[in-house]
Amino acid sequence: MSTPTTALPSTGQRIAAEAIGTFLVVLVAAATLVRTDDALTAALAYGLAYAVAIAAFGRVSAHLNPAATVGSAVAGRTPWRDAGILIGTQVLAGVLAALVLFALLHGYDGFDAENSMGQNGFDDLRDGYAGWAAFLLELVLTALLVLVVLAVLDERHQDRGPAPLWSGLALAALAAVAVPFTGASLNPARSIGPALFAGGDAILQLWVFILAPLLGGLLAGLAYPLVLGRSGAAVPGSGLRLPARSPKAAAAVDQPAAQDWSQQQPIIQDGWQWDPVAQEWKPAEQGWATPQADPTQQQPWPGTDQGDQPGGPTQR
């Protein structure tokens with residue numbers, strides 16, 4: 001009996017999986033925060049949605065977070081070309097989830113979306129919590145989250161079945177810390193959509209919830225191979241290494257360009273002419289005028305750096 005083979009997911013399938021999974025995560029995280037002030041409830045909802053989305057779509061693709069995608073690319077698991085597509089998909093899915101939430105909340109008469117979309121924030125939006133502290137909190141917690149995700153999904157694990165659960169529980173625990181301070185982003189896609197519809201200060205503060213998680217993901221991607229090693233060679237097009245130069249390009253850079261000595265004035269002194277190719281003095285050819293020697297173009301005299309050469313000109 002032949003063993004059935006499983007085809008690799010296509011790019012379209014990966015985009016669809018990321019879109020649906022991210023939509024689910026962002027909708028649950030933002031909607032829960034709209035209707036509850038309890039940090040544990042909001043954090044559990046966020047983490048469970050993440051766990052369910054990874055369990056459902058992880059067979060195809062389930063980063064569901066631009067910070068996780070950046071971490072995976074830096075760690076050598078995802079090519080940057082694919083990472084760009086996945087991040088764009090995640091952000092668009094987050095905006096679509098916020099749009100659906102915006103429509104649903106209009107079920108309340110006179111609903112005003114400004115600062116009422118479960119957005120992330122600090123200062124006036126979050127009990128006066130300072131911006132620098134919000135940035136540091138989001139960076140550190142996102143780095144920890146991405147490290148856990150990279151670890152539990154490492155192919156060296158003999159049983160990766162519980163990986164979605166561990167990832168979700170990690171997010172729930174970290175979000176429980178962050179909800180009272182910033183509303184718990186740890187994911188730029190979770191923050192962008194709600195902020196666009198909340199407007200005002202939410203948009204002005206959005207840079208913190210984009211930059212800090214991305215830097216956290218980058219740091220996690222750098223740290224993971226150093227702490228736990230690689231499971232194999234990095235996939236082509238990933239990591240932070242610059243593309244290797246071709247041999248021809250390297251030679252062109254490393255080797256000085258050949259000079260056209262035929263266009264240069266010969267260096268002649270005391271009837272001797274400097275041969276730039278042989279790097280030695282030779283009797284001057286007949287018919288050449290003796291030019292005024294240019295000290296800036298003088299080659300080392302025999303008996304100094306070039307070593308003694310018999311028959312050289314008289315050193316002055």
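The values are calculated or read from the model by the stated rules, or taken from the named source; none is laboratory data. If you're wondering where the values come from, they're calculated on a predicted model, not measured in any experiment. All Cβ positions, glycine included, derive from the backbone under ideal geometry; neighbour counts span all protein chains shown.
Kindly establish whether P180 is part of a helix (DSSP H, G or I), over 19 Å from the mean Cα position of the chain (by Cα) and touching a residue at least 24 places away in the same chain (Cβ under 8 Å).
yes
What is the one condition in (1) without any contact (Cβ under 8 Å) to a residue 60 or more places away in the chain; (2) not assigned by TED's automatic domain parsing to the domain that holds L64 that L204 does not satisfy?
All conditions are met except number (2).
If we scan segment 122-135, do we find a residue that is within 21 Å of A53 (Cβ to Cβ) and touching a residue at least 24 places away in the same chain (Cβ under 8 Å)? Step through it out loud before you land on a result.
The initial filter retains those residues of segment 122-135 that are within 21 Å of A53 (Cβ to Cβ), namely none.
So far as segment 122-135 goes, no, none of its residues is within 21 Å of A53 (Cβ to Cβ) and touching a residue at least 24 places away in the same chain (Cβ under 8 Å).
Are any residues in segment 183-204 part of a helix (DSSP H, G or I) and under 14 Å from L125 (Cα atoms), and if so, which ones?
Hits for segment 183-204 are S191, P194, A195, A198, D201, A202, I203, L204.
Taking the condition in a helix (DSSP H, G or I), out of contact with any His (no Cβ under 9 Å at 6 or more places or on another chain) and among the hydrophobic types (A, V, I, L, M, F, W, C), does A103 pass?
Yes.
For segment 87-116, which residues satisfy the criterion of being among the polar types (S, T, N, Q) and modelled with pLDDT under 95?
Quick first cut of segment 87-116, residues among the polar types (S, T, N, Q) only: 89-90, 115-116.
Selection gives N115, S116.
Condition check ((1) at positive phi; (2) without any contact (Cβ under 8 Å) to a residue 12 or more places away in the chain; (3) in a helix (DSSP H, G or I); (4) over 23 Å from the mean Cα position of the chain (by Cα)) across all residues:
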site	(1), (2), (3), (4)
L8	no, yes, no, yes
E18	no, no, yes, no
G47	no, no, yes, yes
A51	no, no, yes, yes
A62	no, no, no, no
A68	no, no, yes, no
G71	no, no, yes, no
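Yes/no per residue for (1) out of contact with any Leu (no Cβ under 8 Å at 6 or more places or on another chain); (2) surrounded by 18 or more Cβ atoms within 10 Å (Cβ to Cβ); (3) small (G, A, S):
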position: P9; (1), (2), (3): yes, no, no
position: A31; (1), (2), (3): no, yes, yes
position: V34; (1), (2), (3): no, no, no
position: L44; (1), (2), (3): yes, yes, no
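Scan segment 155-195 for residues that are charged (D, E, K, R) and either buried (at least 24 other Cβ atoms within 10 Å of the Cβ) or in contact with a Lys or Arg (Cβ under 8 Å, 6 or more places away or on another chain) (or both) and report the count.
Total meeting the criteria: 1.
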